[in-house]
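The values are calculated or read from the model by the stated rules, or taken from the named source; none is laboratory data. If you're wondering where the values come from, they're calculated on a predicted model, not measured in any experiment. For neighbour counting, all protein chains shown are included, and Cβ atoms are generated from backbone atoms with ideal geometry for every residue, glycine included.
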Amino acid sequence: MNNTIKFSLKTSKNLNDFFMQKTSFIEYLNINKNLNEVPEGILLIPILCNVLPVSWMLDSTIVINEIDKTFYESIIRMKNSYSNLYPKCNFKGKLLVKKIVDYEIDHNEKYLSFFSLGVDSTSTIFNNIDKNPLLVNIRGSDIPLEEERGWNFISEKLTDFSEEFGLEKLFIKSDFRKLLNTGNLSDKFQKKLDDGWWHGIQHGMGIISHAIPYAYLYQISNILIASTYSRTESISYGGNEIPCASCPSVDNEFKFAKNGKVYHDGIYNSRQDKIRIIINFLENNNKNDYLHVCWEKTNGENCNLCEKCSRTIMGIIAEKKDPNHYGFKVNDNTFENIRENINEFSKNKITNILWMSIQEKFLEDKEYWDNNENIKWFLEINLKLEI
Ligand SMILES: [Zn+2]
C-alpha cells in the first residue's frame, strides 16, 4: 500500500540559498487506499504550493509535467489575492506545465478540517460538528518532525478528542518545513512583507495543500481551515484583512478537481467569541476539554507562561470560567507573569488586537472585575499600539 508521496526538485544555482533540501515527503498514516490511484496533477499540488511563493517573489520559473486544471486556474487568483495583501511586493514568476488535465471529484457533503486542538480550529470543529468533519493534523507543522514526546502527547490528545466527539481523524507526516530556507527567505523579504516567510506567505497554501491528494482519493469536496482573525478584528486593524499567509481572500480561492473547495472558516467570530463557543459547547454537551494552544514547550503541554497561553487564560477568565478546567494550570504566579510581560505580549502587531478585545470583554462587567486583584490592573492598562 503506497501511502507516501516523495517529491524531488532541481533548482538553478542562484536559488540554492533558499532551499535546505531538494526532496520532500508526505506520508498519510493508516490509510486504506493506495496513493497510486491519485494522478500526478493532484499529487504535485502540495509541493507546488510550498514553492510557488518562492517563484513569485524571486521571479523564477517552475517547470512541471502535469497539473489539475481547477487548481491551475486558482493559482492566478491566489497570487492576485497575495499581491493585494502585500502591495510592496512584486508577484512575478512563471509556471510552465506540459499537461493541464481536468480532474474531477464528486460534489458532496463530506468535510475535512485541519485541527490542532487550539482555539481557532476547535471552535471551527464545534461550529461544523453537524458536518462530521474528518480531523486532520500534520506532524511536522506546529510540532517539529523529530519531536517524539510532543507528538505523542498531541496525537493521544487528538485521538481522545476524536473518540469523545465521534469524529474520524487523519494524521499526516511531512517534512515540508525543512524544504525551504525560511531564514534566508525571511531575511530577504521581511521588510516588504512586514512579516516572516512562514507566517506571511507559506503556512496557508502550504498546509491546505497537504489535504488535496487525500481529498481526491477519498472524494471529499470540502476543506475547512480555521480563521485566526475575525472580520471585525481586521477592520479595527485598518483593513478588510490582516495580512498573513492564511487569509479568506487567498484560502477561499483554493479550488481543486472541479468540485473541491476550501473554506476559511470562522471570520464572523472574534477570538473571544471562539473561546465562548468552545466553553458553551463543552458545558452543554457535558464533554471534557482538550484545549492545547502552546508551542513553547515541545513536550506538548500548555506552558501557562507564553503569550498565547496567557492570552487564552485571560480570555477564559473574561468569560468568568476557570482556566484550570480547560487545560491550563493557573495560580497567582500566572497573573504576576502576565503583568510583568503584558507589554511584550500585547504590543505586537499580530497579537495586539486580540489582547484589546479581551480587555473589552472584561470591561463589559467592570464592577465585577474591580474586586478581583488579579484582574483589576488589566482593566486600567493602556494596550493601544503606538504606531
Ligand atoms: Zn505556552
Exercise. Can you work out which of the residues in the stretch 289-345 that are among the basic types (Lys, Arg), within 11 Å of the ligand (Cβ to nearest atom) and not in a loop (DSSP other than H, G, I, E, B) is nearest to the chain's Cα centre (by Cα)?
Key: Lys308
Practice problem: Name, by its number, the condition in (1) in contact with a Phe, Trp or Tyr (Cβ under 9 Å, 6 or more places away or on another chain); (2) modelled with pLDDT under 90 that does not hold for Asn302. | Solution: (2)
Self-check item: Failed item, numbered, when Phe171 is tested on (1) of a type outside the set (Asp, Glu); (2) on the phi > 0 side of the Ramachandran plot; (3) crowded, with 17+ Cβ neighbours inside 10 Å
Solution: (2)
Quiz item: If Ile212 satisfies every condition in (1) over 20 Å from the mean Cα position of the chain (by Cα); (2) in contact (Cβ under 8 Å) with a residue 60 or more places away in the chain but one, which is the exception?
Solution: (1)
Practice problem: Can you tell me which residue among Glu296, Glu307, Glu364, Glu336 is closer than 26 Å to Ser155 by Cβ, at pLDDT 95 or above and of a type in the set (Asp, Glu)? | Solution: Glu307
Quiz item: Just checking, which of Val63, Val51 is in the same structural domain as Val136 (by TED's automatic domain parsing) and within 23 Å of the chain's Cα centre (by Cα)?
Solution: Val51
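Look at Asn280 and say whether it is farther than 29 Å from Glu147 by Cα and either touching a residue at least 60 places away in the same chain (Cβ under 8 Å) or of a type in the set (Lys, Arg) (or both).
Judged against the criteria, Asn280 is not a match.
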Quiz item: Here are some residues: Phe328, Phe254, Phe335. Which one is under 23 Å from Ile225 (Cβ atoms) and not aliphatic (A, V, I, L, M)?
Solution: Phe254
Practice problem: Tally the residues that are surrounded by fewer than 24 Cβ atoms within 10 Å (Cβ to Cβ) and either in contact with a strand residue (DSSP E or B) (Cβ under 8 Å, 6 or more places away or on another chain) or not hydroxyl-bearing (Ser, Thr, Tyr) (or both), restricting the search to the stretch 214-244. | Solution: 16
Quiz item: Restricting the stretch 1-43 to residues that are in a strand (DSSP E or B) and among the hydrophobic types (A, V, I, L, M, F, W, C), which is farthest from Leu135 (Cα to Cα)?
Solution: Phe19
Exercise. With respect to Glu156, determine if the residue is under 22 Å from Ile275 (Cα atoms) and out of contact with any helix residue (DSSP H, G or I) (no Cβ under 7 Å at 6 or more places or on another chain).
Key: no
Practice problem: Would you tally the residues in the stretch 259-283 being in contact with a helix residue (DSSP H, G or I) (Cβ under 6 Å, 6 or more places away or on another chain) and part of a helix (DSSP H, G or I)? | Solution: 7
